[in-house]
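Engineer: Take this structure, written in structure tokens, and hold onto it; I'll ask about it next.
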Amino acid sequence: MELGWADFANLAVNGLAEGLLVALPALAVTLVFGVARFPNAATGDLVSVGGFGAFGAYRLSGGSFLAAAVGGLVAGIAAGWASWMLVFKPVARHNGVTLLLTSIGLGFLVRALLGLGFGQEHNMFELPLMRAWNFGPVAINPMDGIVAVSALLTMSAVFMLMYMTPVGRILRAMADNGDLARVVGINTGRANASMWCLVGAVCGIAGLLVGVKTLVSPEAGTELLLTAFAAAVVGGLGNPIGAVAGAVLLGVFQELSTPFVGFTYKIALSYVIMLLVLLWRPQGLFNRLQGAR
């Protein structure tokens, strides 16, 4: 069957919503890399913690999505803070490889604890049926619209914190030069704790949105991790705006490629793009190459 422009427009809209959802864990990955200088392999599991926190609050409140948002946020912040205090702070002085391996171990531990505590069954939010929003030949799933707007609001709040508050200025100073930040008297321990709480908050909201769009399970967040890593690499590790842009680009490209490669193989294209970007621009599409002096 021949596809027309309306079909590709619908695919692009779906890809935009998917990309904005992936942008949240991609943003969490790049925040940790920018400040702590290692890729956090436990990001997906923090998303899963946020999903269970949101689902638990949703059930306890009798079906309130406001309570679910608060539950996901609180669970994510608590998980992020605990990750720093109990796991990463004791090994913070080690090199990036040690921190990466530590994050892999933390991810396995969190996943196992979620499985033991909540079981392996898939939990779903009870959502009302809603008609699609039709704009001519383009149809938008209302839930995709809600997820996209929620992700945009979350990212806007993060960027406002990063660029308009003292905490954000401190984190950006540490990302530019951690050693210099310590020399000028910045309390890097407190700043790292703030960064991990921020990362946890982003993952908590991501967990809620993943649960609303798909389901809540110990592996739900992990399934987004590789795509989020690819988005962060394509945009430029350590560049928050680049991570968001990379996630949106990959999301749209994946959906547009579905008629040609099928649903099963479209995800692999993210890694093909990541490989091509690494070969062409190792610093990512939105980072400038830093020359040695």
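Engineer: If you go through region 238-255, how many residues are under 10 Å from S270 (Cβ atoms) and among the small types (G, A, S)?
Structural biologist: Total meeting the criteria: 3.
Engineer: Just give me the residues in region 128-147 being among the β-branched types (V, I, T) and part of a loop (DSSP other than H, G, I, E, B), in sequence order.
Structural biologist: none
Residues are listed down the side, and each one gets a yes or a no for (1) in contact (Cβ under 8 Å) with a residue 12 or more places away in the chain; (2) open to solvent by 20 Å² or more (accessible area, probe 1.4 Å); (3) closer than 23 Å to L11 by Cα; (4) not charged (D, E, K, R):
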{"residue": "S150", "(1), (2), (3), (4)": "yes, yes, yes, yes"}
{"residue": "M160", "(1), (2), (3), (4)": "no, yes, no, yes"}
{"residue": "M164", "(1), (2), (3), (4)": "no, yes, no, yes"}
{"residue": "V167", "(1), (2), (3), (4)": "yes, yes, no, yes"}
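Engineer: With the checklist (1) in a helix (DSSP H, G or I); (2) touching a Ser or Thr at 6+ places or on another chain (Cβ under 9 Å); (3) more than 29 Å from I140 (Cα to Cα) in hand, flag the one item P39 doesn't pass.
Structural biologist: Failing condition for P39: (1).
Engineer: Give me the residue from region 98-107 that is in contact (Cβ under 8 Å) with a residue 12 or more places away in the chain and open to solvent by 50 Å² or more (accessible area, probe 1.4 Å) and, out of that set, farthest from V49 (Cα to Cα).
Structural biologist: Applying the first criterion (in contact (Cβ under 8 Å) with a residue 12 or more places away in the chain) to region 98-107 yields 99-100, 102-104, 106-107.
Filter again for open to solvent by 50 Å² or more (accessible area, probe 1.4 Å), leaving 100, 104.
Values: L100: 20, I104: 16 Å.
Result: L100.
Engineer: Please list, ordered by first then second residue, the pairs with beta carbon atoms under 9 Å, 6 or more apart or interchain, first in region 75-91 and within 13 Å of S194 (Cα to Cα) and open to solvent by 40 Å² or more (accessible area, probe 1.4 Å), second among the polar types (S, T, N, Q) and modelled with pLDDT under 95.
Structural biologist: Partner pairs satisfying both residue conditions: K89/N192.
Engineer: Within region 32-86, take every residue that is charged (D, E, K, R) and under 20 Å from G115 (Cβ atoms) and give me the one that is modelled with the lowest pLDDT.
Structural biologist: Result: R59.
Engineer: Return yes or no: is G51 among the small types (G, A, S), in contact with a Ser or Thr (Cβ under 9 Å, 6 or more places away or on another chain) and either open to solvent by 20 Å² or more (accessible area, probe 1.4 Å) or under 21 Å from V212 (Cβ atoms) (or both)?
Structural biologist: yes
The values are calculated or read from the model by the stated rules, or taken from the named source; none is laboratory data. Everything numeric in this text was worked out from a predicted model, so none of it was measured. As a convention, Cβ positions derive from the backbone with ideal geometry for all residues, glycine included, and neighbour counts pool all protein chains shown. Side chains are part of the model used for accessible areas, which takes the heavy atoms of the whole protein and leaves out ligands, DNA and RNA. Shrake-Rupley method; radii C 1.70, N 1.55, O 1.52, S 1.80 Å.
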